Structures are given as structure tokens and as C-alpha cells.
Amino acid sequence: MKGVLSTAVLLLAISPFALAQSDLERAKEVFKGLRDELTIVNKISDILFLLDTSGSLSSSDFDTEKEFVINFLSTITVSFEEARVAVIPFGSTASLYIDGVSNPSLDKDKCDLVQKLKKMPIYINGFYTSTKSAFQLAYDVCLGKYSGQKRGPLNEVRTVVILVTDGWWNWPFHDPNPTPIAQRLLAANVEVFAIGVGSINLPALQKLVKDREKQAFHLRNFADLNNLSLYVRGDPKQNWHPVDSHKCNNNCQQLEKCICDLQNYDYKCFCLEC
């Protein structure tokens with residue numbers, strides 16, 4: 001009887017379910033803490049999201065990835081002066097879909113970002129998984145050919161790369177490994193966080209980050225990613241911020257200002273003194 005009980009306890013201790021649950025709880029703590037730091041302490045920051053858009057994703061999975069970005073940024077001020085954001089979708093190739101880091105401007109606020117992100121189509125860059133292309137583009141934005149307007153130095157302007165992927169990298173066939181590029185980013189003081197969802201290779205993801213326990217996570221499925229997304233979503237201290245009047249087509253009346261509504265992520269005229 002004792003032998004049976006011992007075996008049952010051992011199986012419970014090593015079950016993948018228990019490990020996955022632990023990763024979710026760790027991810028909640030880490031990403032909420034990171035969000036708070038970028039909201040309060042490191043307001044001047046550059047954040048790059050690398051989003052898997054390969055053929056293994058369903059449309060609902062893809063929507064969950066986009067909601068994670070929106071929720072993570074909920075309390076962070078996205079603007080020319082504070083947090084600048086880039087979104088790099090990757091499939092067989094990668095592209096700089098939102099380029100607030102390499103090509104910043106006063107127009108690139110949170111409403112602009114969310115409106116563009118929600119329109120980003122699934123499978124935008126093909127069906128394979130070229131994580132290497134995503135990291136190469138992130139490198140080019142931070143240190144390479146697109147880094148001309150990137151704020152620096154990197155040891156003063158906090159720069160964060162967040163990878164969300166649901167599979168193993170498999171393209172290009174001859175050499176799909178992004179690790180050498182990720183290591184060059186780490187060596188330059190760029191922080192890398194990796195979220196793997198579902199059937200992923202966690203040891204491979206861990207090689208992309210500096211701290212394996214605090215920066216690489218294996219979530220069981222997209223329900224877990226949604227759980228994480230809802231957990232890190234915070235309430236902004238105010239539900240709007242002022243923007244240039246042309247965002248409202250210069251239609252605001254004398255006492256009105258054009259604002260970005262942080263509840264609906266659209267532009268509207270608002271009377272601040274009424």
C-alpha cells in the first residue's frame with residue numbers, strides 16, 4: 001500500500017499540468033510587475049512585441065495575442081515622450097507592422113496603436129514559423145539598420161522584447177535558430193521575455209532569455225494566455241489623454257480638446273472645463 005501511495009505522489013509532482021500551472025502563476029507575477037515598472041519607474045521605454053502569426057494559429061488564438069498586447073499596455077503611456085511600441089508579426093517572414101520605436105512621431109499614441117493592431121490580419125507573413133526573422137528585425141530596430149531613431153543608450157533607455165509563440169521555429173529550413181541573434185540583444189542590455197503557448201520547446205525558449213525562471217514561460221493553451229492577459233490588465237489612472245486637434249479632424253469647439261479615449265481607443269472632442 002505504501003508503494004502505491006508513493007507512486008501516486010510522485011506522478012502528481014511531475015505532472016505537466018502542475019508544471020504548466022506553476023508557469024502561469026509565475027508569468028502573472030512577472031508581467032504584472034513589468035507592467036507596473038514601465039508605468040511608474042521606467043516611463044521612458046521602448047517595447048517590442050514579436051507575435052507569432054503562423055499557420056498553426058486559429059483566428060481566436062490570434063485575437064488573444066493581440067488582446068495580450070493591449071492589456072499589457074493598459075496603464076502604460078504610449079507616446080513620443082514616454083513608451084514607444086513596435087509590433088513585429090512573424091510567420092515565414094517578419095514585418096514591422098507598428099513602428100513606434102524605429103520611426104517615432106507625435107501621432108503615434110495608444111489609440112493609433114490599438115486601432116492598427118486590431119486591423120492586423122492573421123497569417124500576414126505566411127504559414128511557417130520564422131522566429132529568427134522576428135529576432136533579426138528586433139535587432140535591426142534596436143541596434144542595426146533601422147536603429148537611427150531608436151532612443152539610447154540601451155543601458156539608460158529600458159528596451160524590452162516580448163515574444164509570444166505557439167510552436168517550434170521551423171524556417172528557414174537550413175538554419176531556423178534565433179538564439180545567436182537573441183544573445184546579441186541580451187549582450188546589448190535589451191531584455192527578452194518569451195511566452196510559449198501549447199506544444200513548444202521550453203528549453204529552446206529559455207536560451208533566448210537571460211533569466212530562465214523569470215523570463216521564459218510555457219502556458220498550456222490560449223485560455224492560459226487569456227488568463228494572463230486579463231490578470232495584467234490594469235485600470236489607467238485617467239481614462240483619456242490629450243492629442244493634437246487634427247486627430248479629431250479639427251472639429252472640436254472652443255472649450256473642447258481632442259482626446260484619445262482609453263476605454264474605447266478612439267478620438268473624440270471633450271470639454272475639459274464643462
Checking LYS132 against (1) under 12 Å from LEU50 (Cβ atoms); (2) open to solvent by less than 10 Å² (accessible area, probe 1.4 Å), the condition it does not meet:
(2)
Taking region 186-218 and keeping only residues that are touching a helix residue (DSSP H, G or I) at 6+ places or on another chain (Cβ under 7 Å), under 23 Å from ASP61 (Cβ atoms) and open to solvent by 20 Å² or more (accessible area, probe 1.4 Å), one is left with GLN206, HIS218
Looking at region 70-80, which of its residues are touching a Ser or Thr at 6+ places or on another chain (Cβ under 7 Å) and not in a helix (DSSP H, G or I)?
THR75, ILE76, PHE80
Out of all the residues in region 161-185, which are surrounded by fewer than 20 Cβ atoms within 10 Å (Cβ to Cβ) and within 17 Å of the chain's Cα centre (by Cα)?
GLY167
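Going by what's in this entry, would ARG151 be described as in contact (Cβ under 8 Å) with a residue 12 or more places away in the chain, within 15 Å of the chain's Cα centre (by Cα) and either closer than 30 Å to CYS260 by Cβ or surrounded by fewer than 16 Cβ atoms within 10 Å (Cβ to Cβ) (or both)? Talk me through it step by step, then tell me what you get.
Numbers: in contact (Cβ under 8 Å) with a residue 12 or more places away in the chain: yes; within 15 Å of the chain's Cα centre (by Cα): no; either closer than 30 Å to CYS260 by Cβ or surrounded by fewer than 16 Cβ atoms within 10 Å (Cβ to Cβ) (or both): yes.
No.
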Please go through region 195-211 and pick out each residue that is touching a Leu at 6+ places or on another chain (Cβ under 9 Å) and not aliphatic (A, V, I, L, M).
GLY196, GLY198, LYS210
May I ask you to list pairs of residues, at least six apart or on different chains, whose Cβ atoms are under 8 Å apart, with the first in region 24-46 being under 23 Å from GLN149 (Cα atoms) and in contact (Cβ under 8 Å) with a residue 24 or more places away in the chain and the second being among the aliphatic types (A, V, I, L, M) and part of a helix (DSSP H, G or I)?
SER45/LEU38
Number of the condition not met by ASP23 [criteria: (1) of a type in the set (D, E, K, R); (2) assigned to a helix (DSSP H, G or I); (3) touching a helix residue (DSSP H, G or I) at 6+ places or on another chain (Cβ under 8 Å)]:
(3)
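Name every residue in region 31-43 that is more than 15 Å from GLU82 (Cα to Cα) and open to solvent by 30 Å² or more (accessible area, probe 1.4 Å), in order of residue number.
Narrowing region 31-43 to residues more than 15 Å from GLU82 (Cα to Cα): 31-34.
If the condition is that a residue be more than 15 Å from GLU82 (Cα to Cα) and open to solvent by 30 Å² or more (accessible area, probe 1.4 Å), then LYS32 is the only one that fits.
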Residues of region 214-234 being touching an Asp or Glu at 6+ places or on another chain (Cβ under 8 Å) and in a helix (DSSP H, G or I), which ones?
GLN215, PHE222, LEU225, ASN226, SER229
The correct count of residues that are open to solvent by 90 Å² or more (accessible area, probe 1.4 Å) and in contact (Cβ under 8 Å) with a residue 24 or more places away in the chain in region 239-265 is 1
Which of the residues spanning region 95-115 are surrounded by 19 or more Cβ atoms within 10 Å (Cβ to Cβ), charged (D, E, K, R) and over 26 Å from LYS132 (Cα atoms)?
LYS108, ASP109, LYS110, ASP112
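Report whether or not ASP36 is under 30 Å from PHE173 (Cα atoms), assigned to a helix (DSSP H, G or I) and modelled with pLDDT of 95 or more.
Details: under 30 Å from PHE173 (Cα atoms): no; assigned to a helix (DSSP H, G or I): yes; modelled with pLDDT of 95 or more: yes.
No.
Which one is nearest to GLY55 (Cα to Cα), of the residues in region 81-94 that are in a strand (DSSP E or B) and either open to solvent by less than 10 Å² (accessible area, probe 1.4 Å) or polar (S, T, N, Q) (or both)?
So the first thing to find is which residues in region 81-94 are in a strand (DSSP E or B), and the list is 83-90, 94.
From the residues that got through so far, the ones that are either open to solvent by less than 10 Å² (accessible area, probe 1.4 Å) or polar (S, T, N, Q) (or both) too are 83, 85-90.
Working: ALA83: 31, VAL85: 25, ALA86: 22, VAL87: 18, ILE88: 16, PRO89: 12, PHE90: 11 Å.
The extreme case among them is PHE90.
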Need pairs with beta-carbon distance below 7 Å; first residue of a type in the set (Phe, Trp, Tyr) and within region 100-126, second surrounded by fewer than 21 Cβ atoms within 10 Å (Cβ to Cβ); sequence gap 6+ or separate chains.
TYR123/GLY55
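Go through region 44-69 residue by residue and tally those that are open to solvent by less than 10 Å² (accessible area, probe 1.4 Å) and either part of a strand (DSSP E or B) or hydrophobic (A, V, I, L, M, F, W, C) (or both). Don't jump to the end; show me each part of the working.
Within region 44-69, the first condition is being open to solvent by less than 10 Å² (accessible area, probe 1.4 Å), and the residues that meet it are 45-54, 57, 62, 65, 68-69.
Now restrict to residues that are either part of a strand (DSSP E or B) or hydrophobic (A, V, I, L, M, F, W, C) (or both): 45-52, 57, 62, 68-69.
Adding up the residues that qualify gives 12.
The values are calculated or read from the model by the stated rules, or taken from the named source; none is laboratory data. Just so you know, these numbers come straight off a predicted model, no measurement behind them. Every residue, glycine among them, receives a Cβ derived from its backbone with ideal geometry; neighbour counts consider all protein chains shown. The protein model used for the area step is the full one, side chains on, heavy atoms only, and it has no ligands, DNA or RNA in it. Shrake-Rupley method; radii C 1.70, N 1.55, O 1.52, S 1.80 Å.
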